[in-house]
Amino acid sequence: MTTPASDPSPASTYDPAAEVVEICRDLIRMDTTNYGDGEGPGERKAAEHVASLLEDVGITTELWEAESGRTNVLARWGGDQGEPMLLHGHLDVVPANADDWQVHPFSGEVQDGQVWGRGAVDMKDFDAMLLSTVRARAAAGQVPSRPLVLAFTADEEAGGHLGAGPLVEAKREWFEGCTYAVGEVGGFSTTVRGRRLYLVEAAEKGMAWMRLTATGNAGHGSMRHPDNAVTHLAEAVARIGRHPWPVTLTPTMQVLMAVVGELAGVEATPENAEELVEEFGSASRMLAAVLKHTTNPTMLEAGYKVNVVPGQATARIDGRFLPGHQEDFVATLHELAGPHVEVTFDSLQAGLETSYDGSVAEAMTASLLEEDPDALVAPYLMSGGTDAKHFTKLGMRAYGFAPLRLPEDLDFTGLFHGVDERVPVDALEFGARVFDRFLGKL
């Protein structure tokens, strides 16, 4: 709990949302594209900007790099009552082709009441919420009594191997005693049967970015080649890509499906889970992916001439597995690949899951309901991965809480990493107010 002086009231003299839109726009204008291969501008410019915003209100920062230009920001803030908590966001974004966008992806333009640009949702919006709220509170002397560690990281979009991964090893002292980590992706609203439902991330799937390598006999394309590397690879890719993974409800999804089932007037079971997920509308594409493992082929490479059979062929597959099921998932992959194909992992990171209970979960729920009293709040399992995978190695419980009240008719299809990524201005301001309430309850 905070001290009475830290607890904001309707008469507070500061506005936690005052700067959130401009900070978000400024961060979007700083191109931090992460191509995943070492190319790109890096995060240095954005990290220095974040550091200056914190230093401006008296919060001392440290910049740290695993590689030149891949910059992380660390800061401590708050009081000395209770166990430390980590609040984290990443500064890099996935690539964007400007020719495909209605508005330039690095313009940060405001049109139709929305902030447009790469990172508007993933996740410069939350970086802006955190910075706007912290700056407002620091300037007004409303400092949470709980000690807080602030981390703005590099390289999350490529697995965090140049960001949170080495950060928890090289700067472990910064995270000493932290029992919770709060970052992306959660606290956003969906609508089910006319009720607004906020989803707080309490779990995320494990990540298996894998490489399939098939070998065979090279030779002239006019001859018989029963041991053809391309054929072996194509068959393996098809088997893995089409494999009917079974529905498995983890504890987090059991809770969420029970809430949806109650709204729909049915008892939620693994057998009707896929049908119930359709109640989320366009968000069902994302939520259906957390009912089972997924394996999506993404890249193929083989050969150099049409009449030459190559001796090797490779493919990449983006695999995501349910928390607690890594061993079975990997074993099945090797079986599906077959005897002629080797499976190796460019990145293999465990899933995570924590129960949605305790004081931090209660503070998140209460903060949302104080701003939106008629809504519901429930935990969910996220299909992607975040830096929480690295921070939980230090024993922290992790939640995703970047609150956004989104329009009921919002199309979730392109919300994350899509073309024309954008976030409503009023959703950004809502998020800053909710996060301010959350800080006031720690």
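Here are a few things to note about the model shown:
Condition check ((1) of a type in the set (Gly, Ala, Ser); (2) within 24 Å of Leu406 (Cβ to Cβ); (3) modelled with pLDDT under 95) across all residues:
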{"residue": "Val255", "(1), (2), (3)": "no, yes, no"}
{"residue": "Leu287", "(1), (2), (3)": "no, yes, yes"}
{"residue": "Tyr304", "(1), (2), (3)": "no, no, yes"}
{"residue": "Arg320", "(1), (2), (3)": "no, yes, no"}
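- Unique match (being open to solvent by 20 Å² or more (accessible area, probe 1.4 Å), of a type outside the set (A, V, I, L, M) and within 23 Å of Ala388 (Cα to Cα)) among Asp80, Asp37, Asp100: Asp37
- When segment 151-173 is filtered for residues that are farther than 23 Å from Gly119 by Cβ and either without any contact (Cβ under 8 Å) to a residue 40 or more places away in the chain or open to solvent by less than 30 Å² (accessible area, probe 1.4 Å) (or both), the ones remaining, listed by number, are Val168, Glu169, Glu173.
- Looking across segment 347-356 at every residue that is closer than 15 Å to Gly186 by Cβ and open to solvent by 40 Å² or more (accessible area, probe 1.4 Å), the one that is nearest to the chain's Cα centre (by Cα) is identified as Glu353.
- Residue in segment 201-221 that is in contact with a helix residue (DSSP H, G or I) (Cβ under 6 Å, 6 or more places away or on another chain) and under 25 Å from Val434 (Cα atoms) present: yes
- Of the residues in segment 245-256, at least one is in contact with a His (Cβ under 6 Å, 6 or more places away or on another chain) and under 30 Å from Ser189 (Cβ atoms).
- Criterion applied to Pro373, Pro323, Pro339, Pro379 was being of a type outside the set (A, V, I, L, M, F, W, C), in contact with a Leu (Cβ under 9 Å, 6 or more places away or on another chain) and not in a strand (DSSP E or B), and the one residue passing it is Pro323.
- For segment 94-102, the count of residues that are outside any loop (DSSP other than H, G, I, E, B) and free of Cβ contacts under 8 Å to residues at least 12 places away in the same chain is at least one.
- Selection from segment 293-320 of residues that are among the basic types (Lys, Arg) and touching a helix residue (DSSP H, G or I) at 6+ places or on another chain (Cβ under 9 Å): Arg320
- Condition broken by Thr354, with the remaining ones in (1) polar (S, T, N, Q); (2) modelled with pLDDT under 95; (3) over 30 Å from Asn217 (Cβ atoms) satisfied: (2)
- Search result, residues across segment 235-283 that are aliphatic (A, V, I, L, M) and free of Cβ contacts under 8 Å to residues at least 40 places away in the same chain: Ala238, Met257, Ala258, Val266, Ala268, Ala273, Leu276, Val277
- Matching residues in segment 227-273 - criterion: being part of a loop (DSSP other than H, G, I, E, B), among the small types (Gly, Ala, Ser) and either open to solvent by 70 Å² or more (accessible area, probe 1.4 Å) or within 21 Å of Val200 (Cβ to Cβ) (or both): Ala268
The values are calculated or read from the model by the stated rules, or taken from the named source; none is laboratory data. Computed from a predicted model, the values in this text were never measured in an experiment. FYI the Cβ positions are ideal-geometry reconstructions off the backbone, even for glycines, and counts take in every protein chain you see. Surface accessibility is based on the protein's heavy atoms, side chains included, excluding ligands, DNA and RNA. Shrake-Rupley method; radii C 1.70, N 1.55, O 1.52, S 1.80 Å.
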